[in-house]
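Enquirer: Quick one: structure below, then a few questions.
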Number of protein chains: 2
Amino acid sequence: MAKKFVCSTTEPIVHTKAGKLRGFILDGTYTFHGIKYADAKRFQMPAPVEPWEGVKDALSYGYVCPMLSQEVPLGEIMVPHRYWPKDENCQYLNVWTQTISPDAKKPVMVWLHGGGFAAGSSIEQIAYDGENMSKYGDVVVVSINHRLNILGYMDLSPFGEKYANSANVGSADMVAALRWVHDNIANFGGDPENVTLFGQSGGGMKVWSLMQTPSAEGLFHKGIIQSGLLDGFLNSPKTDGTHIVNAMLKELGFAEGEVGKLETVPYDLMASAYNKVCPEIARQGLYVGGNPVPNDFYLGDPRVVGFTEHAKTIPVLIGTVFGEFAFGPGVPHKYDLFDDEIKPMIVEKYGESSEELINLFKAAYPNKNLTDLLALDSMFRSPTKDFIEKKAIHEEAPIFSFMFAFEFPYDDGKPAWHCSEIPFVFHNTDKVPICNVPDFSDKLEDQIFQAWIHFAKSGNPNHQGLPEWPACKPGDEATMIFDENSEVKNNYDNKLIALHLKAAPKFKFGEETVLH
Amino acid sequence: MAKKFVCSTTEPIVHTKAGKLRGFILDGTYTFHGIKYADAKRFQMPAPVEPWEGVKDALSYGYVCPMLSQEVPLGEIMVPHRYWPKDENCQYLNVWTQTISPDAKKPVMVWLHGGGFAAGSSIEQIAYDGENMSKYGDVVVVSINHRLNILGYMDLSPFGEKYANSANVGSADMVAALRWVHDNIANFGGDPENVTLFGQSGGGMKVWSLMQTPSAEGLFHKGIIQSGLLDGFLNSPKTDGTHIVNAMLKELGFAEGEVGKLETVPYDLMASAYNKVCPEIARQGLYVGGNPVPNDFYLGDPRVVGFTEHAKTIPVLIGTVFGEFAFGPGVPHKYDLFDDEIKPMIVEKYGESSEELINLFKAAYPNKNLTDLLALDSMFRSPTKDFIEKKAIHEEAPIFSFMFAFEFPYDDGKPAWHCSEIPFVFHNTDKVPICNVPDFSDKLEDQIFQAWIHFAKSGNPNHQGLPEWPACKPGDEATMIFDENSEVKNNYDNKLIALHLKAAPKFKFGEETVLH
């Protein structure tokens, strides 16, 4: 059935600090695509956009930050993508809202995309579309692009004061976007005093790293971290870009110290030089950029350096999914094997810990097929548990834990993989074929979606569609396990995860591994 | 509501000549994305893919042919896009069907995308998705990628026999795709003896140029040409690539005649060299490639060289849209001006013909606002009328004419632009916000969609939702005007278009103009 569409010369028009913007209205949802929130020269801090006269259209998504290598169209059934034209002039955001009344003060949810800090975009996944979340949750949804990889995270500070924060300008873009939200979102019907960051994978890391970023203080009030913890990320020892930058200069045929030339060399050449020299510098254990590193702007992993006073006040909803990246040659496709067929595979993968792991797994997941033990993640789950424990100590704000353990109707039953919860979070399972499971997925979507919305509204994810879900206490992790029958369990997988982390073959992230 | 999704280790699996493929089923629609239908070396004719053992997944769209320049994300409200990773290894097609029974013999509709012969892809527009068309029309929908621009259309024949058809290998890819359809579509529930080509803009040109391509004979049986005629396209005098290729070689630093190096030079370098040397060669009126040119493979524009015997037997549905590219600085946004405000604008645009044009316009479109005359197309409509006249002479098969004249709810009322009918054709107005007009767009979608489906089934677009729609006769063009109230008129705009073509400022297609 046709809906009502409006995009006239007079509406919908919203005043921002820099000028007027026109979006469109579809069936009551006001939509603005590709709002430029900042401008920046390469390696420099972002600045507010120049004011303009008249009305600018916000009807096309903005450029996406260039990547280090071209995407490969694979695995679309698991994670359907939407690729986009790329340019380093990429400081764009999108807004979906049900009202543009400045008095409405609806909760604001700002999506930080995954792809580590090297890839992805605000629209990279079909499931990132904000229309349904705004409509069914009555919230203002914002999603942002920002600088990535060597454009966003390459320390040139040894080469001049103007590059002081080049190691973290990608995150500075995010702060600029949050500043834009703070200054303008009221005119889009949002409450600048109730802003929730949510993100998955690299996007989850962005949430907690912004909790450790003093300039972001006051610009957001709650955080949702989905599959956003990995050990050894974002807390490299303080270092500088001397080696990697000089290696890039040499590769490009520039003289040592001619760093100014990096400001104008075509991105593709710079990326290609970086890709060539990076592995050797990384092998030496030296800084290679591409991720935030602690400095005055970003203070470091709170599990290592402690939570900032601001971070302590942030209510957090945090969790992972059952399988994450734990698939591979060792995991059979067919999930109707008998135990005696599975056990040899388990022994092959986990060695002498197998028997104990099997017992722990059956206790933690009594309704799962034993085959699923072969696809269990601990790489994300273990540091997430560590984060929960350390955050729960601070009683200023609650922390809620979840596990997404749904099995998808793929390859005769496949446990949840990295990114697979995102369509449920955005109420977008209608856009992602593999999420369709009659009798189960609609209910699960409602449970998850409403938890995220309730958390954004009040800092508490509890709602009438779920069993009671307490916040975690030190030593007592109450985890909402989202599945066909969602339930809360306390400390249900502590031993399982600790042993699994030791026994499972180490997953290697290569230089070019992209976290989606 | 959740639908039923199936993608197991046992279904849906279809046997093709080269091997088994697995797709997925959503709510009864069998879907196969990214089927490789051919392989080719650069500048060479395509060859069938190597057979394989086991089952290959067809779950991700395949690579798209690289473009000559990066796309710019603009105008998304009018034509929403889906960009995609690019590689010249791009011979992929997609299939949507309601059954995989070899006895089903459903009509097959093969979509040829627009973008001239230089850009675009089978999934470039959101509206190209084939699920709804297959589901609501009970047809098998196929869409294809093929080589474009200098990869698909660059004559190297003066440099060696191995390049004999390099001027048209992009079209040879399409023939290979049609051969794949002929050989395999029965196993996807399709009837290889009832294949309809349909395409818009460059895709429309592909339809009629394949009617003039002997090797495509017998591989398709009907053609739908949407906004697919422009004067001066695809009928350059026979010529060869000596000048342009030598200019590219020189620009790349290769010696004259070192054409073998073009086979392996990275595409980006070759495209960049081409973009640099092309304008000067074009200025001299010499061949620059990028489009099919007549040779033994493709015989030329039927309006110039005559219809082939095969082409004469092809029933055709053909038409254009009201405005096409006829927008610009001269066209005001506001459509509620009084006649005395509009007339000076009309005089400014059309000069001394204005008074007569106004009278002809009011007679042809009595319900349209006079402002729309400023946005009327004749650049596509005029050669389309010429095509109809010349095809109608051949009584072997009928030709039906349409005009899409719907006004969209944009900028206070905007006449149909190039590409704007596509969501209606594919039954995809639900995916394109601007197509939503309560009380009108659903009915119009049904009228257009069913006309295309009926034409694919029987060669006749008539159905009970439309007034009677006769085929055209020589000197008698019966045109179905699709609008809020669709109706047939005979020879309704002959004088209007003839005069408009003379009076309207010439639209310039630059070398880099992309026809979407």
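The values are calculated or read from the model by the stated rules, or taken from the named source; none is laboratory data. None of these values were measured; they are calculated from a predicted model. Cβ sites come from the backbone with ideal geometry, for glycine too, and all protein chains shown count toward neighbours.
Enquirer: Condition first: buried (at least 16 other Cβ atoms within 10 Å of the Cβ) and within 23 Å of A:G203 (Cβ to Cβ). Can you find one or more residues in region A:240-262 that meet it?
Expert: Within region A:240-262 (the criterion being buried (at least 16 other Cβ atoms within 10 Å of the Cβ) and within 23 Å of A:G203 (Cβ to Cβ)), the answer is no, since none of the residues qualifies.
Enquirer: So, B:A127, is that one at pLDDT 95 or above, small (G, A, S) and more than 27 Å from B:H454 (Cα to Cα) or not?
Expert: Against the criterion (at pLDDT 95 or above, small (G, A, S) and more than 27 Å from B:H454 (Cα to Cα)), B:A127 does not qualify.
Enquirer: Among helices (runs of 4 or more DSSP H) lying entirely in region B:233-346, which contain 1 or more residues that are under 27 Å from B:F402 (Cα atoms), at pLDDT 95 or above and not aromatic (F, W, Y)?
Expert: Fully inside region B:233-346 and qualifying: B:302-305, B:309-312.
Enquirer: Shifting gears a bit: I'd like to check something: does region A:465-478 contain any residue that is at pLDDT below 95 and more than 14 Å from chain B (Cβ to nearest Cβ)?
Expert: No, because not a single residue in region A:465-478 is at pLDDT below 95 and more than 14 Å from chain B (Cβ to nearest Cβ).
Enquirer: Among (1) touching a residue at least 60 places away in the same chain (Cβ under 8 Å); (2) on the phi < 0 side of the Ramachandran plot; (3) not assigned by TED's automatic domain parsing to the domain that holds B:K106, where does B:E324 come up short?
Expert: Every listed condition holds for B:E324 apart from (2).
Enquirer: Residues of region B:276-293 being under 23 Å from B:K86 (Cα atoms) and surrounded by fewer than 17 Cβ atoms within 10 Å (Cβ to Cβ), which ones?
Expert: Matches in region B:276-293: B:K276 only.
Enquirer: Quick one: A:D386 ticks every box in (1) under 18 Å from A:S201 (Cα atoms); (2) crowded, with 20+ Cβ neighbours inside 10 Å bar one, so which box is it?
Expert: (2)
Enquirer: Quick check on region A:421-437: of everything there that is within 11 Å of another protein chain (Cβ to nearest Cβ) and in contact (Cβ under 8 Å) with a residue 40 or more places away in the chain, which residue is farthest from B:D129 (Cα to Cα)?
Expert: A:I434
Enquirer: Being among the basic types (K, R) and either within 11 Å of A:H427 (Cβ to Cβ) or within 14 Å of chain B (Cβ to nearest Cβ) (or both) is the filter here, so list the residues in region A:438-458 that pass it.
Expert: Once the filter is applied, which keeps residues that are among the basic types (K, R) and either within 11 Å of A:H427 (Cβ to Cβ) or within 14 Å of chain B (Cβ to nearest Cβ) (or both), region A:438-458 yields only A:K443.
Enquirer: Let me ask another. Scan A:L59, A:L68 and give me the residue that is farther than 22 Å from A:G290 by Cβ, in contact with an Asp or Glu (Cβ under 8 Å, 6 or more places away or on another chain) and at pLDDT 95 or above.
Expert: A:L59
Let's see how each residue does on (1) of a type in the set (K, R); (2) within 24 Å of A:A456 (Cα to Cα); (3) within 20 Å of the chain's Cα centre (by Cα):
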position: A:V55; (1), (2), (3): no, no, no
position: A:E76; (1), (2), (3): no, no, yes
position: A:V79; (1), (2), (3): no, no, yes
position: A:K106; (1), (2), (3): yes, yes, no
position: A:L112; (1), (2), (3): no, yes, yes
position: A:A119; (1), (2), (3): no, no, yes
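Enquirer: Return the residues of region A:223-232 that are touching a residue at least 12 places away in the same chain (Cβ under 8 Å) and in a loop (DSSP other than H, G, I, E, B); say none if nothing qualifies.
Expert: A:S227, A:G228, A:L229, A:L230, A:D231
Enquirer: Continuing with the same structure: Within region A:1-19, take every residue that is assigned to a loop (DSSP other than H, G, I, E, B) and within 11 Å of A:F188 (Cα to Cα) and give me the one that is nearest to the other protein chains (Cβ to nearest Cβ).
Expert: If we take residues in region A:1-19 being assigned to a loop (DSSP other than H, G, I, E, B) and within 11 Å of A:F188 (Cα to Cα), then A:P12 is nearest to the other protein chains (Cβ to nearest Cβ).
Enquirer: I'd like the full set of residues that are of a type in the set (A, V, I, L, M, F, W, C) and either closer than 28 Å to A:I123 by Cβ or not in a loop (DSSP other than H, G, I, E, B) (or both), limited to region A:441-474.
Expert: A:L444, A:I448, A:F449, A:A451, A:W452, A:I453, A:F455, A:A456
Conditions (1) in contact (Cβ under 8 Å) with a residue 24 or more places away in the chain; (2) of a type in the set (G, A, S), marked per residue:
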{"residue": "B:R42", "(1), (2)": "yes, no"}
{"residue": "B:P48", "(1), (2)": "yes, no"}
{"residue": "B:V55", "(1), (2)": "yes, no"}
{"residue": "B:A58", "(1), (2)": "yes, yes"}
{"residue": "B:V72", "(1), (2)": "no, no"}
{"residue": "B:V79", "(1), (2)": "yes, no"}
{"residue": "B:D87", "(1), (2)": "yes, no"}
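Enquirer: Can I ask one more? Show the residue pairs meeting these rules: Cβ distance below 9 Å; 6+ apart or different chains; first residue within region A:338-356 and closer than 11 Å to A:H500 by Cα; second residue outside any helix (DSSP H, G or I) and of a type in the set (V, I, T).
Expert: A:K349/A:V331
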